[in-house]
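Data block below; observations after.
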Amino acid sequence: MLYLFVEDDGVDISEKVIEEFETTRQTAAKGSKMTGIGLDNVDTCIRITFGEEYGLKLERCGERGTSVTFRLPVIREEKNCEESHDCG
């Protein structure tokens, strides 16, 4: 699994927004949708494409800032030497 961490030190996301995001993840199959935040759309696309164990996690960073962790699969693709010009 690939973990990509993004943090900022600006105005943090409220605990209520984080709770709503987590609730939406758990009830998405029931048609519940959170509005006003693009992270929900990104999380849903990742989970639909790669599975429920992948997606986003939101956290507050201390007194200021927000952290978003992307959990993504590592997909390795074998290259055929005949298709590649770099056969070094």
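Data overview
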quantity	calculated
Ranked ILE75, ILE18, criterion: other C-beta atoms within 10 Å, fewest first	ILE75, ILE18
Backbone HN-Hα couplings from phi across the range 50-66 [Karplus 6.51/-1.76/1.60, Hz, Gly and Pro as x]	10, x, 5, 6, 9, x, 10, 10, 9, 8, 7, 9, x, 7, 9, x, 9
Residue order, fewest to most surrounding Cβ atoms within 10 angstrom, among GLU59, GLU20, GLU52	GLU52, GLU59, GLU20
LEU72-PHE5 pseudo-label distance in nm [points 7 Å out on the Cα-to-Cβ vector]	1.7
FRET efficiency, 1/(1 + (r/R0)^6) with R0 30 Å, evaluated for ASN80 and GLU53 via beta carbons	0.50
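Values in this text are rule-based calculations from the coordinates and carry no lab data. These figures come from a predicted structure and were not determined experimentally. With ideal geometry, Cβ positions are generated from the backbone for all residues, glycine too; neighbour counts draw on all protein chains shown.
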